[in-house]
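Written below as structure tokens is the structure these notes are about.
The values are calculated or read from the model by the stated rules, or taken from the named source; none is laboratory data. Values in this document were obtained by computation on a predicted structure and should not be read as measured data. Heads up, the Cβs are rebuilt from the backbone with ideal geometry, glycines too, and the neighbour counts pull from every protein chain shown.
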Amino acid sequence: MSSLYRLSSLPVRISPILCLLAATLAGFMSPPGGSAETGPVSTASPSASLPFANGERLAYDVTWLGLRAGIATMVVQEGADDRGKPQLTLNMTARSSPTVTKFYPVDNRGVSQVDLESFLPRHMTFARREGKRFNDFDYTFRHSEGLVTAVKDGKTDELAIPPDVQDAMSCLYYVRKVLPFVPGAALSLTVHHDKKNYKMDVRVEGLETVEGLWGKRETARVVVIMPFQGIFLNEGNIRVWFTTDEHRVPVRMKAKVVIGSIVAELTEGYGTVSRP
């Protein structure tokens with residue numbers, strides 16, 4: 001039972017697996033602390049030609065060994081901060097399925113506020129509820145000072161951050177905006193997670209046609225080498241399939257674990273039909 005308990009808890013942690021992947025790409029548009037081996041640098045306004053629209057909602061089924069282990073959602077909302085500057089509010093949730101909830105309930109919720117002009121995170125909160133594990137995180141980024149105020153379970157620290165750092169949620173949308181889906185493209189960058197700055201590496205492995213509820217699409221298969229235990233997933237390489245059209249939607253995510261693989265499959269939000 002202990003083995004089943006431990007392994008069955010893994011799939012529900014994949015919800016923003018793609019945002020952790022995207023964290024590896026956060027420095028693509030910010031040379032300090034990150035470098036790209038290939039791909040053009042865009043000079044367009046960050047508010048122009050975004051691949052994700054206000055109100056976008058993507059939903060995923062998370063499975064492990066054929067078991068429907070959880071549901072993950074990501075929502076985009078446009079607005080303004082307290083100074084009237086345009087910002088994006090990114091909401092992500094991950095909940096365990098009824099079957100898994102019986103012995104390991106999960107209800108994780110995160111919110112990231114991103115400055116639309118710089119596409120850097122301003123504030124992030126994350127409530128982790130996994131079994132008997134309860135943690136609350138709050139990060140306030142002060143990029144001009146090179147600092148973040150990081151609060152975990154009521155304990156506050158002032159920590160140094162590099163100028164191009166992203167959080168583990170904002171990074172997904174940043175990569176959707178800037179990453180060229182060119183086979184062989186690779187780069188290294190920094191993400192702030194759990195009061196530490198981590199360097200991560202990412203590579204576009206190739207283009208691949210995949211099929212699901214969203215139809216048959218050409219996608220870019222991207223691999224991310226994770227150097228730390230993420231918010232929703234233990235450390236290890238992750239692969240994500242992004243559509244190569246103007247929406248650049250992550251339609252599938254996959255990560256190997258001790259037994260089998262965790263898979264997150266898009267079920268709603270992009271050319272999909274409702275699941276039965």
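One table, with the values for the structure above:
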| quantity | calculated |
| --- | --- |
| Inter-residue pairs, beta-carbon under 9 Å, first surrounded by fewer than 17 Cβ atoms within 10 Å (Cβ to Cβ) and in segment 248-262, second basic (Lys, Arg), 6+ apart | Val258/Arg6; Ser261/Lys254 |
| Hey, Pro183 more than 17 Å from the chain's Cα centre (by Cα) and farther than 25 Å from Asp138 by Cα or not | yes |
| Selection count, segment 112-138, where residues are closer than 20 Å to Val75 by Cα, of a type outside the set (Ser, Thr, Tyr), touching a residue at least 24 places away in the same chain (Cβ under 8 Å) and in a strand (DSSP E or B) | 10 |
| Residue tally, condition farther than 21 Å from Gln87 by Cβ and at pLDDT 90 or above, over segment 163-183 | 3 |
| Segment 57-71, residues that are among the charged types (D, E, K, R) and either under 15 Å from the mean Cα position of the chain (by Cα) or modelled with pLDDT under 85 (or both) | Arg57 |
| Residue check, Ser144 polar (S, T, N, Q), touching a residue at least 24 places away in the same chain (Cβ under 8 Å) and either in contact with a Cys (Cβ under 8 Å, 6 or more places away or on another chain) or surrounded by fewer than 20 Cβ atoms within 10 Å (Cβ to Cβ) (or both) | no |
| Residue that is modelled with pLDDT of 85 or more and in a loop (DSSP other than H, G, I, E, B), where the choices are Glu208, Glu246, Glu265, Glu218 | Glu246 |
| Test result for Phe103, crowded, with 18+ Cβ neighbours inside 10 Å and out of contact with any Asp or Glu (no Cβ under 6 Å at 6 or more places or on another chain) | no |
| Flag if Gly184 is over 24 Å from Phe52 (Cα atoms) and in contact (Cβ under 8 Å) with a residue 40 or more places away in the chain | yes |
| Residue within segment 133-148 that is of a type outside the set (Phe, Trp, Tyr) and at pLDDT below 90 present | yes |
| Filter result (under 29 Å from Ser97 (Cβ atoms) and either over 23 Å from the mean Cα position of the chain (by Cα) or not small (Gly, Ala, Ser) (or both)) within segment 130-159 | Glu130, Lys132, Arg133, Phe134, Asn135, Asp136, Phe137, Asp138, Lys152, Asp153 |
| Selected residue (criterion: nearest to the chain's Cα centre (by Cα)) from residues of segment 72-88 that are outside any loop (DSSP other than H, G, I, E, B) and exposed (fewer than 14 other Cβ atoms within 10 Å of the Cβ) | Gly79 |
| Residue that is modelled with the highest pLDDT [pool: residues in segment 223-238 that are under 27 Å from Arg133 (Cβ atoms) and in a strand (DSSP E or B)] | Ile238 |
| Residue under evaluation Tyr174, criteria (1) part of a strand (DSSP E or B); (2) buried (at least 16 other Cβ atoms within 10 Å of the Cβ); (3) of a type in the set (Ser, Thr, Tyr), criterion not met | (1) |
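Yes/no matrix, rows are residues, columns are (1) of a type in the set (S, T, N, Q); (2) surrounded by fewer than 17 Cβ atoms within 10 Å (Cβ to Cβ):
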site: Leu90; (1), (2): no, no
site: Thr93; (1), (2): yes, no
site: Arg109; (1), (2): no, yes
site: Val114; (1), (2): no, no
site: Arg122; (1), (2): no, no
site: Ala127; (1), (2): no, yes
